[in-house]
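The values are calculated or read from the model by the stated rules, or taken from the named source; none is laboratory data. Quantities reported herein were computed from a predicted structural model and do not represent experimental measurements. Here the Cβ positions follow ideal geometry from the backbone for every residue, glycine too, while neighbour counts run over all protein chains shown. For accessibility, only protein heavy atoms count, side chains too; no ligands or nucleic acids. Shrake-Rupley method; radii C 1.70, N 1.55, O 1.52, S 1.80 Å.
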Amino acid sequence: MAAMPACQLQSIRRRQWLAACAGAALLPAAGSGTTQPQITLRFSHVVAEETPKGLAANRFKVLVEQRSGGRIGVQVFPNAQLYGDANEMQALQLGAVDLVAPSLSKFGRIGLPEFELFDLPFLFDDLNAVRRITLGPLGQRLLQGLQRQGLVGLGYFDNGFKQMSANRPLLEPKDFVGLRMRVQASQVIAAQMRALGARPVTLAFSETRRALATGVVDGTENPVSNFWTQGMDEVQTDLSLTNHGYLGYAVVTNQRLWNYLTQPDRDLVNQALQDSLGFANQMADTQNDKALIALRLAHTTRIHTLSQAQRDLMRQAVQPVHQELARRIGSEWLQTLREALGQKGI
Ligand code: LMR
């Protein structure tokens with residue numbers, strides 16, 4: 001876990017704090033400000049600027065504007081300011097925005113359920129295992145599938161591993177019984193919650209904190225950086241470090257826009273994006289670690305770790321979710337996945 005510099009300890013307020021922690025993201029502003037952009041790309045996302053995705057989007061803006069000498073501009077709209085989970089993909093298809101980076105859990109609802117492979121609980125041991133998929137043929141095949149929706153997948157990046165929260169510790173399946181758990185629009189995540197004994201409730205990310213505060217739902221799952229930057233610690237008494245599943249993203253653009261750009265501009269935009277995603281992947285783990293430190297210091301939420309036996313119980317309970325997905329999308333996908341990860345069976 002990263003040590004926290006003293007200057008950062010002084011500014012514990014959540015947004016400023018994580019922004020300060022992201023020092024590497026603070027590149028000089030692009031250009032002299034005299035060049036008017038000839039092209040402006042609108043990048044919409046649903047999370048805070050201090051999260052891995054927020055940092056990646058802001059980095060992308062700086063790199064594109066610097067490298068194009070201000071000729072290509074990027075406007076970033078964080079926190080679902082323009083579009084939320086329910087409509088950002090549609091907005092992209094219609095050309096109302098140019099880039100979005102939904103979590104991989106949100107592609108099922110636009111007719112690409114294979115992306116829900118990434119949601120399988122207890123699938124990845126670590127981020128290296130994730131990389132074997134995202135950088136390998138399976139990851140590329142998934143991105144190519146986006147063409148069916150008139151979209152172009154430009155690359156993957158991490159947030160990290162998810163933790164469970166509620167107003168009680170969630171250490172074993174019996175702790176979930178009867179809880180209404182907010183989930184993303186992923187059938188795999190919904191099945192995971194049911195397998196644990198909870199009732200899944202699909203809600204947009206931007207509505208989650210309020211739903212927790214008003215008791216519409218009892219708990220949720222997310223990496224700590226999302227939990228902290230949304231102030232969910234103020235409305236959840238317990239965070240259990242389950243590390244039970246992965247949250248990652250794909251950056252997606254619209255086929256029409258991509259064809260409209262000249263090849264040199266496509267290369268410039270693509271390279272800036274790949275550099276930003278590489279940067280985000282380096283930052284993601286650290287941002288989650290730093291958010292956990294901030295959370296511990298804030299004393300708002302109790303933090304629990306699981307014993308190996310408790311983790312095993314959880315892992316066992318969710319195993320049927322894997323077979324259920326195999327039935328839905330075809331077992332060939334899961335076999336390919338297992339082979340790529342060097343695992344046996346479905
Ligand atoms: C969620 O809806 O919980 C996440 O996908 C939000 C995000 O984009 O990190």
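Going by amide H atoms built from the backbone, whose H comes under 5 Å of the H on Gln75, apart from near neighbours?
Excluding prolines and chain starts, which carry no amide H, the hits are Leu41, Arg42, Phe43.
Taking each pair of different alpha-carbon atoms in segment 192-346 once, compute 1/r for the pair, average those values, and report the inverse of that mean as the Kirkwood hydrodynamic radius in Å to one decimal.
Numbers: mean 1/r = 0.0526 Å⁻¹.
It works out to 19.0 Å.
Mean projection of the alpha-carbon convex hull of segment 90-182 over all orientations, in nm²? Please report the intermediate quantities before stating the final value.
Details: hull surface 30.6 nm².
Mean shadow area of the hull around the Cα atoms is 7.6 nm².
Please compute the per residue accessible area over segment 183-253 with all protein chains in place, 1.4 Å probe, rounded to a whole number of Å².
26
Per DSSP H run of n ≥ 4, the term is -39500 (n - 2.57); total these for the chain, divide by its residue number, and report the mean residue ellipticity at 222 nm rounded to 500 deg cm²/dmol.
Mean residue ellipticity at 222 nm (helix-derived): -13500 deg cm²/dmol.
Helix 331-341 versus the longest principal axis of the chain: what angle, 0 to 90°, nearest 10, using Cα atoms?
80
Out of residues 5 or more away from Asn159 or on other chains, whose amide H comes under 5 Å of its own, with H placed 1.01 Å from N in the peptide plane?
Leu247, Gly248, Tyr249
Please compute the length gained on full extension between Thr336 and Gln271, using 0.36 nm multiplied by the number of residues separating them and subtracting their Cα-Cα distance.
Result for the pair: 20.5 nm of gain on full extension.
Cα convex hull of segment 104-262: how many Å³ per residue?
Per residue, the Cα convex hull of segment 104-262 comes to 115 Å³.
Heavy atoms only, probe 1.4 Å: what % of the accessible area of the chain goes to carbon and sulfur, would you let me know?
Carbon plus sulfur share of accessible area: 50 percent.
In whole Å, what three semi-axes, largest first, describe the equivalent ellipsoid of segment 47-119 built from its Cα gyration tensor (square root of 5 times each eigenvalue)?
So the three semi-axes of segment 47-119 are 25, 14, 12 Å.
How many angstrom separate the Cα center of segment 243-318 from the Cα center of segment 109-187?
10
Would you mind calculating the relative contact order of segment 211-346 from Cα pairs under 8 angstrom and at least 6 residues apart, reporting the percent as a whole number?
32
Can you tell me the dipole magnitude for the chain around its Cα centre, using point charges on the Cβ only (Lys, Arg +1; Asp, Glu -1), in Debye to the nearest 20? Write out the running numbers ahead of the final one.
Values: 35 positive and 29 negative charges, 60 e Å.
It works out to roughly 280 debye.
Give the whole-number value, in cubic angstrom per residue, of the convex hull volume spanned by the C-alpha atoms of segment 218-282.
Hull volume normalised by residue count: 130 Å³.
What translational diffusion coefficient, in µm²/s and rounded to a whole number, does the Stokes-Einstein relation yield for the chain at 20 °C and a viscosity of 1.002 mPa s, taking the hydrodynamic radius as the Kirkwood radius over Cα pairs?
104
Work from the charge dipole of the chain (Cβ charges, +1 for Lys and Arg, -1 for Asp and Glu, about the Cα centre) and give the residue of Thr51, Val269, Gly178 farthest towards its positive end.
Gly178
To check my understanding: the extent here is largest minus smallest coordinate of the Cα atoms along each principal axis. What are those three numbers for segment 262-337, in Å, largest first?
Each principal axis gives a Cα extent; for segment 262-337 these are 55, 46, 17 Å.
In square angstrom, what is the accessible area per residue of segment 28-158 with a 1.4 angstrom probe?
Numbers: 4840 Å² over 131 residues.
Result: 37 Å² per residue.
Residues of segment 74-112 with the amide nitrogen closer than 15 Å to a label point 7 Å from the Cα of Thr202, along Cα-to-Cβ, please.
85-90, 103-112
Testing the spin-label approximation: label points 7 Å from Cα along Cα→Cβ at Arg327 and Arg67. State their distance in nm.
Modelled inter-label distance: 4.6 nm.
Quick one: Karplus J couplings for segment 105-121, per residue in order, coefficients 6.51, -1.76, 1.60, θ = phi - 60°, nearest Hz, x for Gly and Pro?
My calculation for segment 105-121 gives 6, 9, 8, x, 6, 9, x, 10, x, 4, 4, 6, 3, 5, 7, 4, x Hz in order.
With +1 assigned to the C-beta of every Lys and Arg and -1 to the C-beta of every Asp and Glu, and no other charges, what is the dipole magnitude of segment 147-226 about the Cα centre in debye, to the nearest 20?
Numbers: 10 positive and 6 negative charges, 42 e Å.
The dipole of segment 147-226 has a size of about 200 debye.
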